[in-house]
Amino acid sequence: MPVVKVTDLAYGRLQSPSLDQAEEFLTHFGMTRVERAGNALYMRGTDRGSHIHVTHLGPSKFIGLAFHVESEDDLKKFTKAPGASGIENIDEPGGGKRVRVTDPHGYQMEIVWGFKPLAALPVRRHETNWGEEKLRRAGKLMRLERGPSQVKRIAHAVIMTQGAKDKIKWYREMFGFVPSDEVYAGPKDNIIASFNRCDRGETFVDHHTFLCFECPNTGLNHLSFEVPTYDDLMLGHEHLHQAGKYQHVWGIGRHLLGSQIFDYWKDPWGRVHEHWTDTDVLNVHHETKLHSAEEGLVSQWGGHPPQEFITHAVP
Ligand SMILES: [Fe+2]
């Protein structure tokens, strides 16, 4: 049995040399500022909930991740885990409580509970007359407002590591992740990528919330954020392109494992942030599938990942 079963990713914590530049990028990327407090920046999506992205001022660095748990009881249970802190009050927007632990890579992992929820933000809706439902927009015209994507929520994080097959076990034991898909290279026990979701029983959840990939470099490969529609993702792509100062990494395409339509961009310090829409959702009845790298790490459309992305890891 895992120590706890987390229910979702809460936020990623990065360190950046300029909060102004960080906020500018994240705003172009489609998030909204919650607070600039002291030496930290807190950004949110449109969903109800709390901030989904934290930036501390300092040299560029990946600090770690936070995951939601269901109850204060889970926090108590987690304090018994090897290396875990006691329960701490979070002195940040939304308050709440957390327990911290250092992962096998030295990153700070938090489990969090009890935030004062933020109200949802209004979202521009894009109705389509696609497929079998041709009357969704009956009598109405499609007129899209240009601008950044509307990031809904943070969805997943990918850590590059050596010995991914063993490293992922720690996260499963601590946080209750279960593998949706795994990818091997050469012999079948040589796992080079592990796609893990939250274990919520019958409840359907995103195909993956946390991934480990085999790589000569250690660090964060990317943080990933859900946007509401394909149009929204395309508008965000154009907006980031027109900003003229951000590096596009990969996309637009549709993944095989997870099936999301994706688009990847680098922030000013090379940390990759992904937009996606339309994921597979799975529950306890999904059996883990094993794929060769040739079968598994491909796009359904939109081209293969560039070599630069496959080995991308920021410490
Ligand atoms: Fe991703």
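The values are calculated or read from the model by the stated rules, or taken from the named source; none is laboratory data. What you see is a predicted model, and the numbers here were worked out from it, not measured in a lab. Cβ: placed from backbone, ideal geometry, glycine included. Neighbour counts: every protein chain shown. In case anyone asks, the SASA skips ligands and DNA or RNA and just uses the protein heavy atoms, side chains included. Shrake-Rupley method; radii C 1.70, N 1.55, O 1.52, S 1.80 Å.
So, with +1 on the Cβ of K and R and -1 on the Cβ of D and E, and no other charges, what is the size of the charge dipole of the range 191-315 about its Cα centre, to the nearest 20 debye?
Charge dipole, the range 191-315, about its Cα centre: 320 debye, nearest 20.
One quarter of the convex hull surface, Cα atoms only: what value does that give for the range 157-315 in nm²?
Average of the hull's projected areas for the range 157-315 equals 9.3 nm².
Indicate the gyration tensor shape class of the range 88-242 (rounded, prolate or oblate), computed on the Cα atoms with a ≥ b ≥ c the square roots of the eigenvalues: a/c under 1.5 is rounded; otherwise a/b larger than b/c is prolate and the rest oblate.
Verdict is prolate for the range 88-242.
Within 10 Å, Cβ to Cβ, of V6, how many net charges do the neighbouring residues add up to if Lys/Arg are +1 and Asp/Glu are -1?
Overall, the nearby charge balance is -2.
Could you identify which residue out of V112, V281, V183 has the top mean-square fluctuation in a GNM of the chain using Cα springs shorter than 10 Å?
Maximum among the listed residues: V281.
Could you check how much of the accessible area of the range 29-159 is carbon and sulfur, as a whole percent, using a 1.4 Å probe?
Ligands and nucleic acids excluded, carbon and sulfur reach 48 percent.
Connecting C-alpha atoms closer than 10 Å in a GNM of the chain, tell me which of L41, L220, L135 has the biggest fluctuation.
L135
About the Cα centre of the range 20-91, how large is the charge dipole given +1 on each Lys and Arg Cβ and -1 on each Asp and Glu Cβ? Please answer in debye to the nearest 20.
140 debye
Please name which of P93, L121, H68 has its Cα lying farthest along the dipole of the range 26-129 towards the positive end, using unit charges on Cβ (Lys, Arg +1; Asp, Glu -1) and the Cα centre as origin.
The residue sitting most towards the positive pole is L121.
Where only protein heavy atoms count, and the probe is 1.4 Å, what is the accessible area per residue for the chain in Å²?
Heavy-atom SASA per residue in the chain reads 45 Å².
Mind ordering 113-122, 19-28, 43-52 by average Cβ neighbours within 10 Å, highest first?
43-52, 19-28, 113-122
So, with a 1.4 angstrom probe, what is the percent of accessible area on the range 223-281 that is carbon and sulfur?
Ligands and nucleic acids excluded, carbon and sulfur reach 46 percent.
Could you compute Rg(Cα) / (2.2 N^0.38 Å) for the chain, with N its residue count?
This ratio for the chain stands at 0.97.
Taking the Cα centre as origin and putting +1 on Lys and Arg beta-carbons and -1 on Asp and Glu beta-carbons, what dipole magnitude results for the chain, to the nearest 20 debye?
The calculated dipole for the chain is roughly 580 debye.
Can you find, among V158, G176, N190, the residue farthest towards the positive end of the dipole of the range 144-206? Put +1 on the C-beta of Lys and Arg, -1 on that of Asp and Glu.
Highest projection toward the positive end goes to V158.
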